[in-house]
Amino acid sequence: MAGGAYVPLDPSYPAARIRLIAEDAELTALLVKDEDAFAGLSNVVKCPVLSVSKILKDALLPEPSTMNWHPPTPNTSCYIIYTSGTTGKPKGVVLDHANLPSFIQHGALCMLKGLDPTSRILLSSPMTFDMSCGIQFSTLSTGATLVLAPKYALLDELDLLVNTLKVS
């Protein structure tokens, strides 16, 4: 296994945007939560679509001793986040492993001050939004809990959600 970069995609994106990102990022596999997530888009992406629930259900994971693991180098891509494309074509912004620690430290120190393992942080933005990456990585790197807001949570429901889930 040669490692790979994380490229967040939302199945509700228009097919043209998904195709553009999949081709531009040269996806070799699309890992989805369940088989239905990208059901109507199998002709849009030209790579295998792998369902996490099916992999876990069928125990298709190889034995660790048989995996050809190559640890990432500082210059290896960690993730690629795509711009909204408001100025035309969306552009992929690559963050490599050398930059990730600084990015996490900046997020934990500036965006999410005072995080510790007892903290609970609500992620209410889509995982495809660039700021969500900083929140995710910074929260998890401090041992805090990342609480994902349901997609249906409306602004007037966030107060109830924050109180119910005891998030900071």
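Residue by residue, here is whether (1) touching a residue at least 12 places away in the same chain (Cβ under 8 Å); (2) under 20 Å from TYR13 (Cα atoms) holds:
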| site | (1), (2) |
| --- | --- |
| ASN75 | yes, no |
| GLY88 | no, yes |
| GLY114 | no, no |
| LEU148 | yes, yes |
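Restricted to region 112-140, and to residues that are among the charged types (D, E, K, R) and modelled with pLDDT under 80, which residue is surrounded by the most Cβ atoms within 10 Å (Cβ to Cβ)?
Applying the filter and picking the extreme gives ASP130.
Consider LEU148 carefully, then state whether it is more than 27 Å from PRO74 (Cα to Cα), at pLDDT below 85 and surrounded by fewer than 17 Cβ atoms within 10 Å (Cβ to Cβ). Answer is yes for this residue.
Taking the criterion of being touching a residue at least 24 places away in the same chain (Cβ under 8 Å) and either over 24 Å from ILE18 (Cβ atoms) or not in a strand (DSSP E or B) (or both), the residues of region 90-104 that qualify are PRO90, HIS97, ALA98, LEU100, PHE103, ILE104.
Quick check, is GLY143 at pLDDT below 85 and surrounded by fewer than 15 Cβ atoms within 10 Å (Cβ to Cβ)? Walk me through it before giving the result.
On the way: at pLDDT below 85: no; surrounded by fewer than 15 Cβ atoms within 10 Å (Cβ to Cβ): yes.
In short, no.
Let's see how each residue does on (1) part of a loop (DSSP other than H, G, I, E, B); (2) modelled with pLDDT of 80 or more:
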{"position": "TYR13", "(1), (2)": "yes, yes"}
{"position": "GLY40", "(1), (2)": "no, no"}
{"position": "CYS47", "(1), (2)": "yes, yes"}
{"position": "LYS54", "(1), (2)": "no, no"}
{"position": "SER65", "(1), (2)": "no, no"}
{"position": "ASN68", "(1), (2)": "yes, no"}
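Take the residues in region 15-38 that are of a type outside the set (A, V, I, L, M), surrounded by fewer than 16 Cβ atoms within 10 Å (Cβ to Cβ) and not in a helix (DSSP H, G or I), then tell me which one is nearest to the chain's Cα centre (by Cα). Don't jump to the end; show me each part of the working.
Step one: filter region 15-38 for residues of a type outside the set (A, V, I, L, M), giving 17, 19, 23-24, 26, 28, 33-36, 38.
Narrowing the set further to residues that are surrounded by fewer than 16 Cβ atoms within 10 Å (Cβ to Cβ) leaves 23-24, 26, 28, 33-36.
Imposing the further condition that a residue be not in a helix (DSSP H, G or I) reduces the set to 26, 28, 33-36.
Working: GLU26: 17, THR28: 16, LYS33: 12, ASP34: 15, GLU35: 18, ASP36: 18 Å.
The residue in question is LYS33.
The values are calculated or read from the model by the stated rules, or taken from the named source; none is laboratory data. If you're wondering where the values come from, they're calculated on a predicted model, not measured in any experiment. Because the Cβ atoms are built from the backbone with ideal geometry, glycine has one as well, and the counts that use them run over all protein chains shown.
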